[in-house]
Amino acid sequence: ETVSWEYGIVPVLAASFLSGFSAAVTQRSLQSKGRNSFLLSAELGFYGIIVVVVTTLTSESGHEMLEVGLWKGWTRWTFIPVFTQSLGGLFVGQVTKHAGSVKKGFALMVGILVTALAQYVLERQPLSPEHYASGVLVAFSMFLHTRYPYVYKKKTV
């Protein structure tokens, strides 16, 4: 088994960097600049719609969808995940504004661990070594964050 830098490691590192950068910019915008988190969520949703429309129009499956219609195969139950995703986006905006992106990230990591444990209890699927390793990394990162918190520098006039 070979390691693929261009299809594995580099894209993951780039995505991680972009995720952290966007979280920091979003947090700064919401906390320091006093942006409205609902408006920011609406703006991000609008940009997401543009990306989906452009990729749909340029893909083969998008052309097929245009022929059969956008709503083909949708039922009233299809709107449940759409609605919950939109509420989740608004909730994440509020969490980022009031708790910060680092705490939001910790909540996400703990949520993933709780999901893995629930899967183990409810479905009797054993936890993988990756689950255990991620649990150790989450615990260690939380320890470091609480033991060595960021110290704000006083501005000199």
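Looking at (1) open to solvent by 50 Å² or more (accessible area, probe 1.4 Å); (2) assigned to a helix (DSSP H, G or I), find the lone condition where K33 falls short.
(2)
Which of the residues spanning region 120-134 are without any contact (Cβ under 8 Å) to a residue 12 or more places away in the chain and open to solvent by less than 70 Å² (accessible area, probe 1.4 Å)?
Taking region 120-134 as the starting set, the residues that turn out to be without any contact (Cβ under 8 Å) to a residue 12 or more places away in the chain are 120-130, 132-133.
If the condition is that a residue be without any contact (Cβ under 8 Å) to a residue 12 or more places away in the chain and open to solvent by less than 70 Å² (accessible area, probe 1.4 Å), then L127, S128, A133 are the ones that fit.
Condition check ((1) open to solvent by less than 90 Å² (accessible area, probe 1.4 Å); (2) in contact with a Phe, Trp or Tyr (Cβ under 6 Å, 6 or more places away or on another chain); (3) closer than 30 Å to H145 by Cα) across all residues:
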site	(1), (2), (3)
S37	yes, no, yes
A42	yes, no, no
Y47	no, no, no
I50	yes, no, no
T58	no, no, no
L66	no, no, no
F91	no, no, yes
Q94	yes, no, yes
A99	yes, no, yes
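Any residue at all in region 54-69 that's touching a residue at least 40 places away in the same chain (Cβ under 8 Å) and part of a helix (DSSP H, G or I)?
no
Take the conditions part of a helix (DSSP H, G or I) and either without any contact (Cβ under 8 Å) to a residue 24 or more places away in the chain or open to solvent by less than 70 Å² (accessible area, probe 1.4 Å) (or both) and apply them to V151. Does it pass? Walk me through it before giving the result.
Working: part of a helix (DSSP H, G or I): no; either without any contact (Cβ under 8 Å) to a residue 24 or more places away in the chain or open to solvent by less than 70 Å² (accessible area, probe 1.4 Å) (or both): yes.
For V151, the condition - part of a helix (DSSP H, G or I) and either without any contact (Cβ under 8 Å) to a residue 24 or more places away in the chain or open to solvent by less than 70 Å² (accessible area, probe 1.4 Å) (or both) - is not met.
Go through region 11-49 residue by residue and tally those that are of a type outside the set (D, E, K, R), within 19 Å of the chain's Cα centre (by Cα) and over 18 Å from L90 (Cβ atoms).
13
How many residues does region 16-30 hold that are over 22 Å from L87 (Cβ atoms) and open to solvent by 60 Å² or more (accessible area, probe 1.4 Å)?
6
All but one of (1) part of a helix (DSSP H, G or I); (2) over 18 Å from the mean Cα position of the chain (by Cα) hold for T115; which doesn't?
(2)
The values are calculated or read from the model by the stated rules, or taken from the named source; none is laboratory data. Please read these numbers as outputs of a predicted model, since none were measured by experiment. A quick note on method: Cβ atoms are made from the backbone with ideal geometry, for glycine too, and the neighbour counts reach across all protein chains shown. Only protein heavy atoms, including side chains, enter the accessible area calculation; ligands, DNA and RNA are left aside. Shrake-Rupley method; radii C 1.70, N 1.55, O 1.52, S 1.80 Å.
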